[in-house]
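These notes are about the structure you will find just below.
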Amino acid sequence: MLDGLLRPHPEDPARLVADLPSPCVQAHAANLMVLGDGTLACVWFGGSMEGRSDISVFMSRLAPGAAQWSGPVQLSHDAERSEQNPVLFPAPDGALWLLHTAQHSGHQDTSVVRRRLSRDHGLSWEPAETLADAPAGTFVRQPIHIHTDGSWLLPVFHCRSQSGQAWDGSHDDSGVLRSADQGRSWQRITVPGSLGCVHMSIVPASDGGLLAFFRSRWADHVYRSRSDDGGQTWQVPEPTALPNNNSSIQALRLADGRLAMIFNASSAANATERRESLYDELDDATPAPTQEPTTGRRAFWGAPRAPMTLALSADDGLSWPWQRKLEVGDGWCMSNDSERGRNREYSYPSLRQGADGALHLAYTVFRQHIRHVRVQPDWVTAQP
């Protein structure tokens, strides 16, 4: 039931599950954050179909001690652009940041990054503004990381297209916007050799450095990079043992020192079909299918977006010996059509840990609503 009420899973009472209500046909790209007052907040985008101008950002709240999510509130209102990939950031000064993208149709290379501020933990918001240091084509997906030196690191990826072709993801790469003045200005840092690596998820390394994990446009593996100077330079990303299907991931350093990763345990090797583009159902956003990019590789779309898997690592992500599936299914994602119920993906997960140690997970269900799951970290190791 889409009532936002946390209930024990009928086949697994160690797992509490809530399906968030949605006012829209489509709901996608959830991001969770624990706010300064202890509220667990979830933001996502909703509308008729990703890329259309009726796509806007929504937010629901789970108050401390509550068992039911609040009704969703719309936080963005641009009638000309598709507003996507919302991210929350509780700043040290008490302000809550909302960051999201805004693009024309399926052209991610036209995206700008917008910011709204709240001074009361997301109950009310100041007007939106465009982030001046993020040029067109900049996309966000993961939250800002505060390093031990006080600098802020915002993971970004850059959406580019070839002349005469619509964006299809084949030329995207990653970087970091670094701020040493609490977000008033940002320095652009490139991750070398990151072509095809996006959705950079930054976590602290066990020795004081920084680690980053990436989605792959090639739908092959989750990639991993490292920084030893506070995010000012990065190693070339290398593939990990985890598969990736050109869909989002998120990593988190847990209180017990382990790393957690939530992702789809599938890749192009599991695909039986291939899409031309994420937006090939939009009339003006389909790339020419016959011309290969000059890189010699095309982004792979259509790999199954299932199962939804939670994994743990005790060696900074070099190995992931503990994995457990949250959802199973065929993950069919050859269409984004939520109105006719054609999509069957579990995707775009988010992961946070509460003050009591519990893990909170959120992800897309069939592009129709967002699901919240609460488990203890050792749920992963307690295989049934």
What is the chain by shape, rounded, prolate or oblate, if you read a ≥ b ≥ c off the alpha carbon gyration tensor as root eigenvalues and call it rounded for a/c under 1.5, prolate for a/b larger than b/c, and oblate otherwise? rounded
List every residue whose amide H lies under 5 Å from the amide H of SER248, counting only residues 5 or more places away in sequence or on a different chain, with H placed 1.01 Å from N in the peptide plane. TYR348
Point-to-point label distance, LEU5-ALA79, nm (Cα→Cβ direction, 7 Å offset): 3.8 nm
Check: the range 218-376 dipole with +1 on Lys, Arg Cβ and -1 on Asp, Glu Cβ, in debye: 480 debye
Estimated FRET transfer efficiency when R0 is 25 angstrom, pair ASP356-ARG324 (beta carbons, to 0.05): 0.75
Taking amide hydrogens as modeled 1.01 Å from N in the peptide plane, which residues meet the under 5 Å criterion relative to LEU5, leaving out close sequence neighbours? ASP19, TRP69
Other residues with Cβ under 11 Å from the Cβ of PRO127 give, with Lys and Arg +1 and Asp and Glu -1, a net charge of +1
Just need the relative contact order of the range 92-145 here, percent rounded to a whole number, with Cα pairs under 8 Å and 6+ apart. 35 percent
Rounded to whole Hz and in sequence order, give me ³J(HN,Hα) for the range 326-333 from the Karplus expression 6.51 cos²θ - 1.76 cosθ + 1.60, θ = phi - 60°, writing x for Gly and Pro. 8, 9, 10, x, 7, x, 5, 9
What is the sum of charges around ILE249, taking Lys and Arg as +1, Asp and Glu as -1, for the other residues whose C-beta is under 10 Å from the C-beta of ILE249? +2
Can you list the equivalent-ellipsoid semi-axes of the range 47-191, largest first and in whole Å, using the square root of 5 times each Cα gyration tensor eigenvalue? 26, 21, 12
Going by how many other Cβ atoms sit within 10 Å of their own, how do LEU312, LEU20, LEU2 line up, fewest first? LEU2, LEU312, LEU20
What list of ³J(HN,Hα) values in whole Hz, one per residue of the range 308-322 in order, does the Karplus curve 6.51 cos²θ - 1.76 cosθ + 1.60 (θ = phi - 60°) give from phi, with Gly and Pro shown as x? 8, 10, 10, 10, 10, 9, 10, 10, 6, x, 6, 9, 10, x, 10
Can you compute the modelled spin-label distance between ASP229 and ALA66, with each label point 7 Å from Cα toward Cβ, in nm? 4.6 nm
Report the relative contact order of the chain, percent, no decimals, based on alpha-carbon pairs under 8 angstrom and at least 6 residues apart. 14 percent
Expressed to one decimal in nm², the mean projection of the alpha carbon convex hull of the range 190-259 is 4.5 nm²
First obtain the Kirkwood hydrodynamic radius of the range 167-299 from its Cα pairs, then insert it into the Stokes-Einstein equation at 25 °C and 0.890 mPa s, and state the resulting D in µm² per second as a whole number. 151 µm²/s
Starting at the first residue of the range 201-209, write each ³J(HN,Hα) from the Karplus equation 6.51 cos²θ - 1.76 cosθ + 1.60 with θ = phi - 60°, in whole Hz, x for Gly and Pro. 10, 9, 9, x, 7, 5, 9, x, x
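Read the figures in this text as sums done on the coordinates, not as results from a lab. All values derive from a computational prediction rather than experimental measurement. Because the Cβ atoms are built from the backbone with ideal geometry, glycine has one as well, and the counts that use them run over all protein chains shown.
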